[in-house]
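One structure is given below, encoded as structure tokens.
The values are calculated or read from the model by the stated rules, or taken from the named source; none is laboratory data. Values in this document were obtained by computation on a predicted structure and should not be read as measured data. In this analysis, Cβ positions are derived from the backbone assuming ideal geometry, glycine residues included, and neighbour counts consider all displayed protein chains.
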Amino acid sequence: MIFSYYPGCTLRNKAKDLDAYARASAEALGFTLQELDNWQCCGGVYPLGTDEIASKLSSVRALAEAKDKGQDLVTLCSACHHVLKRVNDDMTNVEDIRTRANNYMKLAEPYAGETKVLHFLEVLRDVVGFDTLKEKVVNPLTGQKIAAYYGCLLLRPGKIMALDDPENPKLLEDFIRALGAEPVVYPYRNECCGGYISLKEPDMAKNMCNTINESAKGFGAECFITACPLCRYNLNKTEQGLPVYYFTELLAEALGVKEGAL
Amino acid sequence: MNAKEQVQQISGVNPYKCMKCGKCSATCPAYEEMDIKPHQFVSYVQSGNIEALAACKSMWKCLSCFACVERCPRDVQPGRILDAARQIVVRQRGGNYLTAEEIPPLVDEDLPQQLLVSAYRRYKR
């Protein structure tokens, strides 16, 4: 099975491992991530203004290319996923944005939200299935106590992202179980790491990440997993914080494809 | 269009739906840092005091985490009001909160590109 794939700027630079482990794991699980021919940066943050059009066009181009190929569009980075999914919702449901964006695009056929945007984790859950994933694990992560850190962008707003229950998610916990490890549920798993505030006000992000760390440690976690390079960067700034891994690294390890993936 | 109508149009928010429960402020991770608090945004729009809203520090403290949007029982989306006020500021000449010259000393070896593009989109036109 082949999916269109949107890596995003960070997965081509500082988060190459998030990408490489995902591709290797996908092949081991029987599907392929086929990178879009022409993708541009999503901008990192969804433009909230109702009159923002130009800032959404890079997402529309990616969505339209996947539509042309007749493939679902898979993402890995939480921010890219958030932006693409919300722009797709606009193109589906907001007539004014759809009309004006298509006026810029001049596509052979107007784009109206036809592409299905899937996070890699949704492919694991809904296409591969966690039961099948469990069967394919060759190195179970037995005994590891892992805290899933969702952050904000994967889950909210729940009505549009529709990934999981935004207040009590279980997607990453089920993923951890499928790898043979023990998920640690803690209250701050879907609270913000500080995001882009760490550029100009690093102390603010540090305080927030300290709280997240204390919360996870208090429930016995030994490490975090995340899908977001910015969450990982911010969490890594915590002094004596827990180690933070991309979920794809543990996946590749459990599937026995970590060696040689990078 | 006056400033009040402009904020309502850019944000798409109807401030009169708010029932002042305060849940947005209670859940905001940047609450302590804000001069105008999330539950107060609607009042500034209702009274048309956009000048004060456009001069607030809060717009540079908001993390776009959507906690206030998710947890509002009336779907008012306070974060969108603040974003509209921010748009009004950065769309003006000299309104940017971040310049390219400021960035190099703030960058370390691990800093993800995602952080820079996100900050640019939030702080700059």
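Here is the figure for region A:111-136: residues that are of a type outside the set (S, T, Y), surrounded by 15 or more Cβ atoms within 10 Å (Cβ to Cβ) and under 18 Å from the mean Cα position of the chain (by Cα) total 13. Applying the criterion of being in contact with a helix residue (DSSP H, G or I) (Cβ under 6 Å, 6 or more places away or on another chain) and not polar (S, T, N, Q) to the residues of region A:243-257, the residue that is surrounded by the most Cβ atoms within 10 Å (Cβ to Cβ) is A:L251. Of the set (1) surrounded by 18 or more Cβ atoms within 10 Å (Cβ to Cβ); (2) not assigned by TED's automatic domain parsing to the domain that holds A:S198, all apply to A:G260 but (1). Evaluate region A:19-34: report whether one residue or more is more than 28 Å from A:I225 (Cα to Cα) and at pLDDT 95 or above. No - not one qualifying residue is present in region A:19-34.
State whether the residues of region A:197-216 include one that is in the same structural domain as A:G158 (by TED's automatic domain parsing), crowded, with 17+ Cβ neighbours inside 10 Å and closer than 17 Å to A:L121 by Cβ. No; the residues of region A:197-216 include none that is in the same structural domain as A:G158 (by TED's automatic domain parsing), crowded, with 17+ Cβ neighbours inside 10 Å and closer than 17 Å to A:L121 by Cβ.
Is it the case, given these coordinates, that B:A85 is part of a helix (DSSP H, G or I), surrounded by fewer than 23 Cβ atoms within 10 Å (Cβ to Cβ), more than 9 Å from every other protein chain (Cβ to nearest Cβ) and at pLDDT 95 or above? I'd like the intermediate steps shown before the answer.
On the way: part of a helix (DSSP H, G or I): yes; surrounded by fewer than 23 Cβ atoms within 10 Å (Cβ to Cβ): no; more than 9 Å from every other protein chain (Cβ to nearest Cβ): yes; at pLDDT 95 or above: yes.
No; evaluated as a whole, the condition is false for this residue.
Among residues of region B:55-75 being basic (K, R) and at the interface with chain A (Cβ under 9 Å from one of its Cβ atoms), the one that is nearest to A:I197 (Cα to Cα) is B:K61. When the criteria are applied in full, A:K258 fails the requirement of being more than 14 Å from every other protein chain (Cβ to nearest Cβ), among the basic types (K, R) and outside any loop (DSSP other than H, G, I, E, B).
A:G180: touching a residue at least 60 places away in the same chain (Cβ under 8 Å), more than 14 Å from chain B (Cβ to nearest Cβ), part of a loop (DSSP other than H, G, I, E, B) and not aliphatic (A, V, I, L, M), yes or no? When the stated conditions are applied, A:G180 passes them.
Of all the numbered requirements in (1) more than 30 Å from B:V7 (Cβ to Cβ); (2) among the charged types (D, E, K, R); (3) in a loop (DSSP other than H, G, I, E, B), A:E52 misses one, and that requirement is (1). Can you name the condition, by its number, that A:D51 falls short on among (1) away from chain B (no Cβ under 11 Å); (2) surrounded by fewer than 23 Cβ atoms within 10 Å (Cβ to Cβ); (3) among the acidic types (D, E)? Only one criterion in (1) away from chain B (no Cβ under 11 Å); (2) surrounded by fewer than 23 Cβ atoms within 10 Å (Cβ to Cβ); (3) among the acidic types (D, E) is unmet by A:D51, namely (1).
Take the residues in region A:142-172 that are surrounded by fewer than 19 Cβ atoms within 10 Å (Cβ to Cβ) and outside any loop (DSSP other than H, G, I, E, B); name whichever of them is farthest from the other protein chains (Cβ to nearest Cβ). Ranking the candidates gives A:K145 first.
Scan region A:183-196 for residues that are outside any loop (DSSP other than H, G, I, E, B) and buried (at least 18 other Cβ atoms within 10 Å of the Cβ) and jot them down. Result: A:P183, A:V184, A:Y188, A:R189, A:N190.
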